[in-house]
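The values are calculated or read from the model by the stated rules, or taken from the named source; none is laboratory data. No experiment lies behind these values; they were computed from the predicted model shown. Here the Cβ is made from the backbone with ideal geometry for all residues, glycine too, and neighbour counts use every protein chain on show.
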């Protein structure tokens with residue numbers, strides 16, 4: 001009995017030794033990965049805040065030589081004469097963004113409903129990858145197609161115009177943001193509980209009434225998120241818009257008047273300026289406005305997602 005009693009602690013010690021070393025090794029790896037993640041998040045945060053600080057500081061230097069009201073509300077953009085009225089750029093940017101969303105939303109939302117609730121599984125497996133392919137097409141390709149196809153077509157349709165302006169840019173942007181709105185809207189519709197559709201059909205509603213009055217209202221937060229993300233891409237797009245909008249620093253009087261938006265104004269004028277001049281600082285200020293608009297859209301998505309959480 002004494003020999004058996006002495007062997008038991010030794011056996012337990014031999015078993016607990018490897019387990020303890022394995023546990024310490026795993027805890028060490030977890031601690032190391034935790035610090036790696038913390039360091040990565042810190043680096044990303046520092047880069048973002050440094051970028052915001054630099055662009056913001058450089059942009060606000062504009063107001064040393066240009067008044068705030070002159071920059072935001074004047075229509076005269078003549079940098080060579082010291083006039084930096086950027087209101088036409090802000091106005092054209094908002095009109096272009098809203099028009100592109102209005103052109104894209106009906107088609108994208110209809111496609112999302114079709115792929116989520118109408119198309120059979122085999123068709124969805126084909127359409128979804130094809131839709132996602134649009135995202136990978138370079139923006140310069142869209143711009144080239146717009147410049148060689150859409151602009152000449154609009155010129156033939158309206159001979160009194162050249163064909164450049166907000167309308168061709170909005171058509172191009174509508175095609176570019178359509179996959180984003182379609183994909184996120186489809187995911188929002190497909191994620192709805194099946195009981196909503198079954199209850200509506202059980203009450204005697206038709207398939208269309210169920211989609212229009214039950215599924216779409218229930219998926220509204222996801223659809224709004226898709227629209228906001230589409231707006232974010234439309235606001236930040238440069239090359240495709242640059243090739244078809246005409247790039248004249250003037251207030252557009254129609255959708256086919258040559259004009260300039262914030263992104264194209266920065267791209268067009270930045271090579272002609274010197275760092276630290278009022279002209280250069282004004283371009284940085286426009287970049288700051290784009291950055292703040294993007295941040296506002298992101299915050300809007302966060303707030304919307306939080307409010308739409310099921311509690």
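Quick notes on this one:
- The lone criterion from (1) over 22 Å from residue 177 (Cβ atoms); (2) assigned to a helix (DSSP H, G or I); (3) assigned by TED's automatic domain parsing to the domain that holds residue 223 left unmet by residue 47 is number (3).
- Any chance residue 165 is more than 22 Å from residue 118 (Cβ to Cβ), in the same structural domain as residue 257 (by TED's automatic domain parsing) and out of contact with any helix residue (DSSP H, G or I) (no Cβ under 6 Å at 6 or more places or on another chain): yes
- Flag for residue 52 being over 23 Å from residue 259 (Cα atoms), in a helix (DSSP H, G or I) and in contact (Cβ under 8 Å) with a residue 60 or more places away in the chain: yes
- Some residue of segment 237-247 being at pLDDT 90 or above, surrounded by 21 or more Cβ atoms within 10 Å (Cβ to Cβ) and in a loop (DSSP other than H, G, I, E, B): yes
- Total residues in segment 157-174, condition assigned to a helix (DSSP H, G or I) and in contact with a strand residue (DSSP E or B) (Cβ under 7 Å, 6 or more places away or on another chain): 1
- Which listed residue, of 270, 289, is in the same structural domain as residue 165 (by TED's automatic domain parsing) and without any contact (Cβ under 8 Å) to a residue 60 or more places away in the chain: 270
- Here 219, 191 are screened, and the one residue that is buried (at least 21 other Cβ atoms within 10 Å of the Cβ), assigned by TED's automatic domain parsing to the domain that holds residue 98, under 14 Å from residue 117 (Cα atoms) and at pLDDT below 90 is 219.
- Of all residues in segment 133-160, those satisfying the criterion of being closer than 19 Å to residue 240 by Cα and either under 20 Å from the mean Cα position of the chain (by Cα) or surrounded by fewer than 10 Cβ atoms within 10 Å (Cβ to Cβ) (or both) are 133, 134, 135, 136, 137, 138, 139, 140, 141, 142, 143.
- Test: residue in segment 214-223 that is outside any helix (DSSP H, G or I), in contact with a helix residue (DSSP H, G or I) (Cβ under 6 Å, 6 or more places away or on another chain), in contact (Cβ under 8 Å) with a residue 60 or more places away in the chain and over 18 Å from residue 79 (Cβ atoms): no
- Filter result for the condition that a residue is under 30 Å from residue 251 (Cβ atoms), in a helix (DSSP H, G or I) and under 17 Å from the mean Cα position of the chain (by Cα), over 184, 177: 177
- Residues (under 30 Å from the mean Cα position of the chain (by Cα), touching a residue at least 40 places away in the same chain (Cβ under 8 Å) and within 21 Å of residue 276 (Cβ to Cβ)) located in segment 55-89: 55, 56, 58, 59, 60, 61, 62, 71, 77, 84, 86
- Out of 280, 247, one residue alone is on the phi > 0 side of the Ramachandran plot, in the same structural domain as residue 90 (by TED's automatic domain parsing) and in contact with a helix residue (DSSP H, G or I) (Cβ under 8 Å, 6 or more places away or on another chain). It is 247.
- Flag for residue 259 being buried (at least 19 other Cβ atoms within 10 Å of the Cβ) and modelled with pLDDT of 85 or more: yes
- Candidates 294, 200, 254 - the one that is surrounded by fewer than 21 Cβ atoms within 10 Å (Cβ to Cβ), outside any helix (DSSP H, G or I) and touching a residue at least 12 places away in the same chain (Cβ under 8 Å): 254
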